[in-house]
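Here's the structure we're looking at; comments come further down.
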Amino acid sequence: MASAILMLAGFFMGRAALSIAMALFVIASAVCFNKEDWQVFRKSGFLHMMMMLFLIPFVSGLWSGNFSNWMGMMQVKLPLLILPVCAVLLRRFSAKDFQYISFAFIVAAVLACCYSLWQYSFQPVAIQQTYLKAKVLPVPLSGDHIRFAWAVLIAYLLLFELLLAKFKSISYKWKAAAITGLVFFAVYLHILSAKTGIIGFYLVNLVILFYCLRTRKILFTALLALLVCLPIAAYYVFPTFQNKVKFIKWDYQNYSRGTYVEGLPDAARILSFRAGLYIIASHPVTGVGFGDIYNETNKWYNSNAAFLKEYERLYPSNEWLMHGCGAGTGGMIIFTVVVLLPLFISPPNKNFLWTGFHLLALFNFLYESSLGVQYGVFLYSFFGCWSYWYSRRVNG
């Protein structure tokens, strides 16, 4: 349990800390692994399917011309192969162990958000103005606000799960503390105003709302229904949110008219979609190999969007397109089965954590290629396994 907590803390401390902590978790798991664990792993179709997300790009190495790029991608994606095996040991955790580790991640997320707000407090006006230029608050994770918002949303889900699971047995002080934490995360996400964070926030709350309706939790249903007013309030209360809305409107007006303005993120993202579709159409059977995706994408940019600066030339910003470019239509189909499968696996206790996490991941994959960066790979591989075993242990 200590190695898992250390790994979750290391996530917020940077890439090196996360890598070291993951190595310690793997070593601790290897020491404790036994024949029974192996038998459990062999019978777990979900964990095998998750490992396919490593095997798809791995096999594409057979036809990837750029071996160096392919090796770099494999190093980043390695947790998708290793963590599903190591995380079998999570089945030994008690319900309290799961809750303690969840609490540790929630506390770490709160501290990381406080650090971000502390940075914001030094120059609020200047930072607010950067929202009109596609920037956001300073955040941990080397400034990766997309994966940071994803992590905060996972912490929000975990805190909501803990509150509902323990609502009848905890004191009013702990209830008040949990609700305060939920409000804090909600407020922070609206101050941060990352598009993936805001849309993800309402997506997971919709999942929780359906759960509360089904289980007749009237108080929480009523409170969640009030969230419909939150975007309006946020627009008038938080300057960062207001400026983000203004920028999105301006951004949309430009790229919808075909007007290029340097630094527009959505315009660059749409061009990356076009590049990805072109590569898939040109290599529908095998793709070009994961090692050659950027080279092929860059060729398309040179021919069709040479005006883009180097920093604006994105990989196809969608996981389906990435797998299609790297491994052809077969790779896209396998990826689709793997990421949609969890929605058809019913956890024993019918909690919303499982569904909420996987819907959040699906949305992230539509908008970003998060399985190509270390933080995204860790969030999906570890918390995918975490929610799998959690849903089978807590009230299961």
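The residue pairs whose first member lies in the stretch 18-46 and is free of Cβ contacts under 8 Å to residues at least 60 places away in the same chain, whose second member is open to solvent by less than 10 Å² (accessible area, probe 1.4 Å) and part of a helix (DSSP H, G or I), and whose beta carbons are closer than 7 Å, counting only pairs six or more residues apart or on different chains, are ILE20/GLY10; ALA21/MET7; ALA21/GLY10; ASP37/VAL88; VAL40/VAL88; PHE41/LEU47; PHE41/VAL88.
Looking across PHE122, PHE46, one residue alone is more than 28 Å from ARG269 (Cα to Cα) and modelled with pLDDT under 90. It is PHE46. The residue that is farthest from SER391 (Cα to Cα), counting only those in the stretch 165-181 that are buried (at least 17 other Cβ atoms within 10 Å of the Cβ) and modelled with pLDDT of 90 or more, is GLY181. Would you point out which residue out of ALA267, ALA327, ALA305 is buried (at least 23 other Cβ atoms within 10 Å of the Cβ) and not acidic (Asp, Glu)? When all the criteria are applied, what remains is ALA327. Screening LEU314, LEU321 for residues that are outside any helix (DSSP H, G or I), open to solvent by 10 Å² or more (accessible area, probe 1.4 Å) and in contact with a helix residue (DSSP H, G or I) (Cβ under 6 Å, 6 or more places away or on another chain) leaves exactly one candidate, LEU314. Filtering LEU153, LEU111 for residues that are of a type in the set (A, V, I, L, M, F, W, C), under 23 Å from the mean Cα position of the chain (by Cα), surrounded by fewer than 15 Cβ atoms within 10 Å (Cβ to Cβ) and closer than 26 Å to VAL204 by Cα leaves a single hit, LEU111. Of all residues in the stretch 9-54, those being over 22 Å from ILE106 (Cβ atoms), in contact with a Pro (Cβ under 6 Å, 6 or more places away or on another chain) and open to solvent by 10 Å² or more (accessible area, probe 1.4 Å) number 1.
The values are calculated or read from the model by the stated rules, or taken from the named source; none is laboratory data. The structure displayed is predicted, hence computed values, not measured ones. No Cβ is skipped: glycine too gets one built from the backbone with ideal geometry, and neighbour counts run over all protein chains shown. Heavy atoms of the whole protein, side chains included, go into the accessibility calculation; ligands, DNA and RNA do not. Shrake-Rupley method; radii C 1.70, N 1.55, O 1.52, S 1.80 Å.
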